[in-house]
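Q: Here you go, one structure.
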Amino acid sequence: MRRPDPYDDGITWNENSVLESFSEQFTSNQNEALASNDATAGNNAGDTWQLGSVLGDDDDDDDVDKPEIASSNNRFSDFILWCTGAARRRRNDRDLKEEEDQTEKTFEQNRLRDLNKFLILLIALASVYTLLRMCKNSDLGDRPEFVFEHPYISCSYYTSTKSISTLKKVGKVQVQPKKEQLAGKEAIGEKDFTRETTTRLAILRPFCAFDAGPLPTTFDCWQNFPPCRAAAYELGEELDPSWYDEERYFDDVGSHMLRDAKADVFLFYSQTFSENDVAIKSVDKIFDQFFEGGGWAQCFDNIYAIEANIPPELDNYIPPAQEELYNWVNGPNRQFEAGFRIIQSGEWGDYDGFYLMEGDSTPIKSYWLDTLLSEIEVNRPFAIMGAKYNGDKWDNFYEQIPIPLLDHTNGNGIYNTSHPLLDRLVGQLEVEAPCPYNSIPYDYRMSQMWIEGTMGIVPTLAPKIMLNDEGENITLSNNTAMFTKWGDLWRGDHPFKETPVIHNYAATNLIPRHLGPEYIIHGAKLYTPWDPTRTEITLVVSEWFFDRSTNLLENLDLKDHPFSEVIIMLPPNVEAHDDYANMTIIPTRSQHRGAPDVMDMCEADVKTEWFMLTNSYHQVANHVDLMFTPGKFQPVIPFTPATFPFCFKFPYCKETVNLAQRFNPGHDKVVLDFDMLYHTETRNKFCAMWREMNGDEGEDLYTYQKHRILRRKKIIGPSGPTGTSYTAYLISQGKDKMYKFIDRSLYGARAPFIKIFSREEKLDGMSEEELARQVGDSGMMGMDNSTDCNCFAFESEATCNGNPLGCTWRPLFESCHPPELMEGAAPICPETTAPTFSPTEAIDMPDTIEPTASPTNTPTSGPGGGLFRYLYISEHEDAALQSINEDDDT
């Protein structure tokens, strides 16, 4: 079909048909006019010419007479010529239009073709640029053949890394010499890969996507503390024979890396290398350092990269969800199982076992690998060798911790892959992967299995974990009989053994004095102790009587403390001692209050830059372990999260936070008055603002809550400024950077003061009515013979071990803690009802009407209802973030 013509009105024009039509019309009219000489017919013929004229006759002279017949012939010829020209013009216009359309179409096609050529050229240039960049940055070239051979082909790192130079180093230094030696060729100057050994150990360094970036930095301490004696010498040289002890006792460093032991390093990624460039580059960096030679590299024959291939969506470690999500710890559980099977399979070599050494396992002494290998020799046979919890942050609630948790060997230990018990334990972990027991970390779960088999204690799981998708309870299989059979078979061999070479502190804050005989510490955060040359601290003691503080002063010189001066805050009607110099060598002075006792924080006339608070019911702890960050020397202050389990379910704590939020809306940190190290100049500004808001003596503290006062008889809360409000003020003024705040629910805290007069504090704080109600007519109702239930009050090994409460001495921290109890047994001390407000455990005290003129009662501390939920958390991600982001912990 032809394209529609814009001049087309629906009639198909044909010049021949037009001519024939008008010729027939003219002949007909002419014949009629001649035959009848009818003027009307002639007029009709004239009408036909008029029609022709209308149709476009150009010859239209009005002054020329047109004969009816002769002129008609002329008009007919003109009309024929006009019709022929019109048709020709129409055809020419149409041809011209089509030609223009074709020209436009051709131009558009050429333009698109040129654009495509430009795009292809641009892509080619980009590809060349990318190729050049890859060549420059990645030393792109032919990938060595060994990466496609067994066992390297089983790990995607070797086929994914862009650093071909690194792979070539692996082939030259590690792969090829081993092949030649196994073929009987002698490789001079190379490591002896075929030497006979008695111990073959794999060092697994597990990491996940979260800590892949900082992985190389975890090897820095290996340079500072060489793993073996050979690290300081060229391989092949004979070492001093006195270093080698055949008996291999701990600390004799008997194992000889060149003589009878072999160790390899495995960089163990939880997911798949080919899907994470950061993980690949970290391994590249560590490999390059290893193959440079010297240092820690001389202690190991080989270094490998392996992977667990856990899908990212299943590589979970979500501690806050441990009571709701059954696979919150699925990542570490599956990675441990994969690591065990990889080493057990012998795919990468024959090993007796492996040491699972996470990134936060830090050597603190040289020759730690030699010593570790010596311990393996001495303690064989075993299934697992490592460390139980060695810290002290659990001591405040020691009695409430389940025995399997207290007794479990931390995951950073040595695993004998050939031991049949361990093989069964790992197999059970694999079976339990899809069930609620997967909510228990692998090391703790293996301890539960062993305790269930040897002591019959069946663990309990969180209620929400035990529900299926329909909200129905899940019934777990009874495995006690199977675990008991395992216990009967191997309990005589003591398959779980401890070694002092490794200490597990589980995110405990330490200073150097806390370190003992260990060579490797796990989960510890090291800080700088107090430096008397740069920090002077005053101790402010609240007193209500004449001689209650005498005990504190008389024992002060026996303590390890930072105080350069003591101020005793006395009531106006109590006379001061004139013999303070006979009690302590620390300069001591008294100050009579000009305001209620709750204002001692603001009233104390402190001359030093810093000060701390306590009261006369306490004495200074054996060691006041104030901690400071290295470099910036910021005081490390523990806080408790302002959450329901730790705070809001206790009225006093809730009110304390409410008052603090007047300085800092949304404030969420609870700091004990006795834990805070106050900066004197900042204290002055804080107290000025506090008085402006609440009155000089706190008389307006609760006036903004009049509706609450009308609704209930009393408000249970502080009557004066608190450490929590001081902290809120710091944050509101942007001054909190002078401190480093740490979460005590994760890292614990050591009390700088020990309460020794719990009963006296309770009785002194009662009103006459309350005291009469408690004591009655018979006197003390037996309370005069009671003993303070507080293991922390025993400050020596002799008094701790000899007490009737069964307390246990902890030599490393020189502290006394409660004993472990069987599940369901009654604790030796009553539980307290407030979580964080006293630095020590104490007997509960009744609520008092606020405000009170009696001595301020400090709420007692305890585990709180939700604290146990956080006991086991290793806090790998928190520790990793702090080690990366904090320049004050270098």
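Q: For GLN774, indicate whether it is at pLDDT below 75 and open to solvent by 20 Å² or more (accessible area, probe 1.4 Å).
A: Against the criterion (at pLDDT below 75 and open to solvent by 20 Å² or more (accessible area, probe 1.4 Å)), GLN774 qualifies.
Listed here are the residues, each with its yes/no results for (1) modelled with pLDDT of 95 or more; (2) farther than 20 Å from VAL329 by Cβ; (3) buried (at least 21 other Cβ atoms within 10 Å of the Cβ).
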site	(1), (2), (3)
ASN390	no, yes, yes
ASP407	no, no, no
HIS419	yes, yes, no
ASP423	yes, yes, no
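Q: Follow-up question, since we're still on this one. Have a look at LEU489, LEU476 and point out the one that is assigned to a loop (DSSP other than H, G, I, E, B) and touching a residue at least 40 places away in the same chain (Cβ under 8 Å).
A: Working: LEU489 fails: assigned to a loop (DSSP other than H, G, I, E, B).
Result: LEU476 is the single residue among LEU489, LEU476 that is assigned to a loop (DSSP other than H, G, I, E, B) and touching a residue at least 40 places away in the same chain (Cβ under 8 Å).
Q: Also, I was wondering about something else. State all residues of region 511-526 that are modelled with pLDDT of 90 or more and either in contact with a helix residue (DSSP H, G or I) (Cβ under 8 Å, 6 or more places away or on another chain) or open to solvent by 30 Å² or more (accessible area, probe 1.4 Å) (or both); if no residue qualifies, say none.
A: TYR519, ILE520
Q: A follow-up question, please. Looking at this structure, is PHE382 of a type outside the set (A, V, I, L, M), in a helix (DSSP H, G or I) and at pLDDT 90 or above?
A: no
Q: In region 493-510, is there at least one residue being more than 24 Å from LEU406 (Cβ to Cβ) and open to solvent by less than 50 Å² (accessible area, probe 1.4 Å)?
A: no
Q: Looking at PHE611, is it under 25 Å from ALA576 (Cβ atoms) and either charged (D, E, K, R) or touching a residue at least 40 places away in the same chain (Cβ under 8 Å) (or both)?
A: yes
Q: Only one residue in SER361, SER345 is open to solvent by less than 40 Å² (accessible area, probe 1.4 Å) and small (Gly, Ala, Ser), so which one is that?
A: Values: SER345 fails: open to solvent by less than 40 Å² (accessible area, probe 1.4 Å).
Of SER361, SER345, the one residue that is open to solvent by less than 40 Å² (accessible area, probe 1.4 Å) and small (Gly, Ala, Ser) is SER361.
Q: Looking at this structure, is ILE457 among the hydrophobic types (A, V, I, L, M, F, W, C) and over 32 Å from the mean Cα position of the chain (by Cα)?
A: Yes, satisfied.
Q: Now for a different question. Is at least one residue of region 577-590 in contact (Cβ under 8 Å) with a residue 24 or more places away in the chain, open to solvent by less than 60 Å² (accessible area, probe 1.4 Å), in contact with a strand residue (DSSP E or B) (Cβ under 6 Å, 6 or more places away or on another chain) and over 21 Å from ASN555 (Cβ atoms)?
A: no
Q: Just to be sure I understand the filter: pairs with C-beta atoms under 8 Å, separated by 6 or more residues or on different chains, first member in region 741-756 and of a type in the set (Val, Ile, Thr), second member part of a helix (DSSP H, G or I). Which pairs pass?
A: If the second residue must be part of a helix (DSSP H, G or I), the pairs left are ILE754/PHE792; ILE754/ALA793; ILE756/ASN551; ILE756/ALA793.
Q: Among the residues of region 284-296, are any without any contact (Cβ under 8 Å) to a residue 60 or more places away in the chain, surrounded by 20 or more Cβ atoms within 10 Å (Cβ to Cβ) and not aliphatic (A, V, I, L, M)?
A: yes
Q: How about region 623-661: which of its residues are closer than 21 Å to CYS687 by Cβ, hydrophobic (A, V, I, L, M, F, W, C) and open to solvent by 20 Å² or more (accessible area, probe 1.4 Å)?
A: Correct list: PHE639 only.
Q: To continue, here is another question. Can you tell me which residue among LYS654, LYS607, LYS632 is farther than 16 Å from ASP736 by Cα and in a loop (DSSP other than H, G, I, E, B)?
A: The match here is LYS607.
Q: Shifting gears a bit: Given the structure, is GLU358 charged (D, E, K, R), in contact with a strand residue (DSSP E or B) (Cβ under 8 Å, 6 or more places away or on another chain), at pLDDT below 95 and assigned to a helix (DSSP H, G or I)?
A: no
Q: Return yes when ARG691 is over 29 Å from the mean Cα position of the chain (by Cα) and open to solvent by 50 Å² or more (accessible area, probe 1.4 Å) and no when it is not.
A: Here the answer is yes, as ARG691 does meet what is asked.
Q: So which of ALA642, ALA604 is small (Gly, Ala, Ser), at negative phi and touching a Lys or Arg at 6+ places or on another chain (Cβ under 8 Å)?
A: Result of the check over ALA642, ALA604: ALA642.
Q: Taking ALA297 as meeting all but one of (1) assigned to a loop (DSSP other than H, G, I, E, B); (2) over 24 Å from the mean Cα position of the chain (by Cα), write down the number of the exception.
A: Here ALA297 clears every test but (1).
Q: If we only count helices (runs of 4 or more DSSP H) wholly inside region 110-190, which ones have 1 or more residues that are in contact with a Phe, Trp or Tyr (Cβ under 7 Å, 6 or more places away or on another chain) and at pLDDT 95 or above?
A: Values: elements: 157-160, 164-169, 176-182.
Answer list for region 110-190: 157-160, 164-169.
Q: Which one of these does TYR249 not meet: (1) under 29 Å from the mean Cα position of the chain (by Cα); (2) modelled with pLDDT under 75?
A: For TYR249, the exception is condition (1).
Q: Looking at (1) under 24 Å from the mean Cα position of the chain (by Cα); (2) in a loop (DSSP other than H, G, I, E, B); (3) over 23 Å from THR409 (Cα atoms), can you tell me which one ILE306 breaks?
A: (2)
Q: Test of understanding: among ASP443, ASP392, which residue is part of a helix (DSSP H, G or I) and within 28 Å of the chain's Cα centre (by Cα)?
A: Numbers: ASP392 fails: part of a helix (DSSP H, G or I).
Going through ASP443, ASP392 in turn, the sole match is ASP443.
Q: Now for a different question. Tally time: how many residues in region 492-520 are of a type outside the set (D, E, K, R) and assigned to a loop (DSSP other than H, G, I, E, B)? Please lay out each step first, then the result.
A: Here is the first cut: in region 492-520, the ones of a type outside the set (D, E, K, R) are 492, 494-496, 499-512, 514-517, 519-520.
This time we only want the ones that are assigned to a loop (DSSP other than H, G, I, E, B), so: 494-495, 499-501, 511, 515-517, 519.
Matching residues across region 492-520 total 10.
The values are calculated or read from the model by the stated rules, or taken from the named source; none is laboratory data. Quantities reported herein were computed from a predicted structural model and do not represent experimental measurements. All Cβ positions, even for glycine, are placed from backbone atoms using ideal geometry, and neighbour counts span all protein chains on display. Heads up: the accessible areas ignore ligands, DNA and RNA and are worked out on the full protein's heavy atoms, side chains in. Shrake-Rupley method; radii C 1.70, N 1.55, O 1.52, S 1.80 Å.
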